[in-house]
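*Asks:* Starting off with a structure, shown below.
The values are calculated or read from the model by the stated rules, or taken from the named source; none is laboratory data. Bear in mind the structure is a predicted one, so any value in this text is a computation, not a measurement. With ideal geometry, Cβ positions are generated from the backbone for all residues, glycine too; neighbour counts draw on all protein chains shown. What goes into the accessible areas is simple: the full protein's heavy atoms, side chains included, and nothing from ligands, DNA or RNA. Shrake-Rupley method; radii C 1.70, N 1.55, O 1.52, S 1.80 Å.
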Amino acid sequence: MTALVATRVVRRERKGSSLPVVVDTPDGEWFLKLTGASQGTLPLVAEMIVGTLAEQIGLHVPSRRLVELPAEVPSDDPNDELRDLLRASTGVNLAFALLSQARDLTPPEFERVDVATAARVLWLDALVQNLDRTPRNPNLMMRRGTVWCIDHGACLPFQHDWSAVTEQTPQRSYDVDAHLFAWAAPLLPDVHAQYAPVLTRDVFRAAVADVPDAWLGADPVRRREGYVAFLWKRLGNSGLG
């Protein structure tokens, strides 16, 4: 994945604890999540992998690009905290396409999402162990009548402590009852039968392939295979719940 180069920071986005920004690039404006944020690069790794898997099963997610943030990039926002964060994020960061005319899904709309889409979202979230799709924090947007899934940084929680990953870790149950779309759980076996064959080992490898080496630690080749192996084993757990 070829990185764009940010030419200017246009503004801060107030949503989220990571203080994302909108940047201008030769390809227009992009929503940028920064590597210098307190969470580090692992949420960005999850965003890249899960975004690709979501697309493979037909869910709508914002397109993603790597964006290089030059040292001392010009900023229209003079905030000192932001300037420090930009300096800490010099180099490659992760950007998302801006969803024009999109809005947050509202609670009355949660149960009006068509059941096939709700079940697919629930199944993917169970696969990647998404801890952040609840009625309190749905991370869903509505754009021109279509539901879009956003903010996957809390997925793949196992990656935060590889030393604790065992053969049993991929078999851990997922708390379906806490999920926004728990009501779609009866469809999970059918969704699994339809989409598990789509997510092959090659698909998992492709989902990890574009993650920058620098985000994967001292042995990125081994780490990539670790993600593939974990997801493949978890996919074999037909319940995922």
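*Asks:* What number of residues within segment 138-184 satisfy the criterion of being open to solvent by 50 Å² or more (accessible area, probe 1.4 Å) and at positive phi?
*Replies:* Number of matching residues: 3.
*Asks:* Here's another thing I want to ask about it. For the list (1) of a type outside the set (Gly, Ala, Ser); (2) open to solvent by 60 Å² or more (accessible area, probe 1.4 Å); (3) within 16 Å of Gly58 (Cα to Cα), I need the number of the one condition that Pro135 fails.
*Replies:* (3)
*Asks:* Can you give me the number of residues within segment 12-38 that are of a type outside the set (Phe, Trp, Tyr), on the phi < 0 side of the Ramachandran plot, modelled with pLDDT of 95 or more and assigned to a strand (DSSP E or B)?
*Replies:* Of the residues in segment 12-38, 8 are of a type outside the set (Phe, Trp, Tyr), on the phi < 0 side of the Ramachandran plot, modelled with pLDDT of 95 or more and assigned to a strand (DSSP E or B).
*Asks:* How about segment 92-116: which of its residues are open to solvent by less than 20 Å² (accessible area, probe 1.4 Å) and farther than 14 Å from Met141 by Cβ?
*Replies:* Asn93, Leu94, Ala95
*Asks:* When you look at Asp84, is it under 17 Å from the mean Cα position of the chain (by Cα) and within 22 Å of Gly36 (Cβ to Cβ), yes or no?
*Replies:* no
*Asks:* Restrict the check to segment 94-116 and report whether at least one residue is at pLDDT 95 or above, closer than 14 Å to Gly153 by Cα and not small (Gly, Ala, Ser).
*Replies:* Checking segment 94-116: at least one residue is at pLDDT 95 or above, closer than 14 Å to Gly153 by Cα and not small (Gly, Ala, Ser).
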